[in-house]
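The values are calculated or read from the model by the stated rules, or taken from the named source; none is laboratory data. Source: prediction; values computed, not measured. FYI the Cβ positions are ideal-geometry reconstructions off the backbone, even for glycines, and counts take in every protein chain you see. To get the accessible areas, we keep the full protein, side chains included, count just its heavy atoms, and leave off ligands, DNA and RNA. Shrake-Rupley method; radii C 1.70, N 1.55, O 1.52, S 1.80 Å.
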Amino acid sequence: MNRFTLLAKALMLDGHSFRELADSPKTNRIGLLLVVLLGAAYGLFSVQANLEYVSSFESPLLRNIIVPLIFIVFGIITIILTRFAFTLLLWAGAKGFGGPGLMRSLYRISIIILVPSFLAMPTLIGMQAGFSITVIHVVLLLAGLAWMYVLGVRAMEATQSFKGFRSYGSVLAIFIFFACVYYLVIPPAS
């Protein structure tokens, strides 16, 4: 089956697709594409949040190309680091709840679980930049986090053979830890 079809099915919570993607080395190519796309989105949202700073450059080359490109590159680096951290958290959650914790499989599917973060990015970046948050921002944040949570549960069920409490509990522990680390690393704007 086509990798993009499997990706779409996995994003729609199909456990069999998660299993196939976790077991196939071809998933690494899709993962790289998703890292670049999510990183570029993160960078572009950051450019928008820092538009006053970006437009303060007098040179059109800096203002229109170089500085936005720097934001995009740092967005990609941020997603790469987030993927590594999330993979380690998935592994810790899997091992902590009695699963095999195969790092290779968890690494392959970690980026798929991070795809819905696209919905939460504007809100998280806006909060960091000190912007006022609207109801739409809160809804997008909650929808993105809920979708990521359910994807994480399906991924744990598919790759670790978890059921019930073990799958939901392991992902809940991961999310709580990730939220604590996020808050410590990037405190809210004052």
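Of the residues making up region 14-37, those that are open to solvent by 20 Å² or more (accessible area, probe 1.4 Å), over 16 Å from the mean Cα position of the chain (by Cα) and over 19 Å from VAL153 (Cα atoms) are PRO25, LYS26, ARG29. If I ask for residues that are among the aliphatic types (A, V, I, L, M), out of contact with any helix residue (DSSP H, G or I) (no Cβ under 8 Å at 6 or more places or on another chain) and under 24 Å from LEU102 (Cα atoms), which ones from region 137-163 would you list? Answer for region 137-163, where residues must be among the aliphatic types (A, V, I, L, M), out of contact with any helix residue (DSSP H, G or I) (no Cβ under 8 Å at 6 or more places or on another chain) and under 24 Å from LEU102 (Cα atoms): just VAL150. Within region 31-47, the set of residues being in contact (Cβ under 8 Å) with a residue 60 or more places away in the chain and not hydroxyl-bearing (Ser, Thr, Tyr) comprises GLY31, LEU34, VAL35, LEU38, ALA41, PHE45.
If we scan region 120-140, do we find a residue that is among the hydrophobic types (A, V, I, L, M, F, W, C), within 18 Å of SER46 (Cα to Cα) and in contact with a Phe, Trp or Tyr (Cβ under 7 Å, 6 or more places away or on another chain)? Yes: region 120-140 contains one or more residues that are among the hydrophobic types (A, V, I, L, M, F, W, C), within 18 Å of SER46 (Cα to Cα) and in contact with a Phe, Trp or Tyr (Cβ under 7 Å, 6 or more places away or on another chain). Screening VAL67, VAL36 for residues that are farther than 28 Å from TRP91 by Cβ, in a helix (DSSP H, G or I), among the aliphatic types (A, V, I, L, M) and in contact with a helix residue (DSSP H, G or I) (Cβ under 7 Å, 6 or more places away or on another chain) leaves exactly one candidate, VAL67.
Scanning region 4-13 for residues that are without any contact (Cβ under 8 Å) to a residue 40 or more places away in the chain and either surrounded by fewer than 16 Cβ atoms within 10 Å (Cβ to Cβ) or acidic (Asp, Glu) (or both) returns PHE4, THR5, ALA8, MET12.
Among the residues examined, SER56 does not qualify as at pLDDT 90 or above, open to solvent by less than 30 Å² (accessible area, probe 1.4 Å) and either in a loop (DSSP other than H, G, I, E, B) or not charged (D, E, K, R) (or both).
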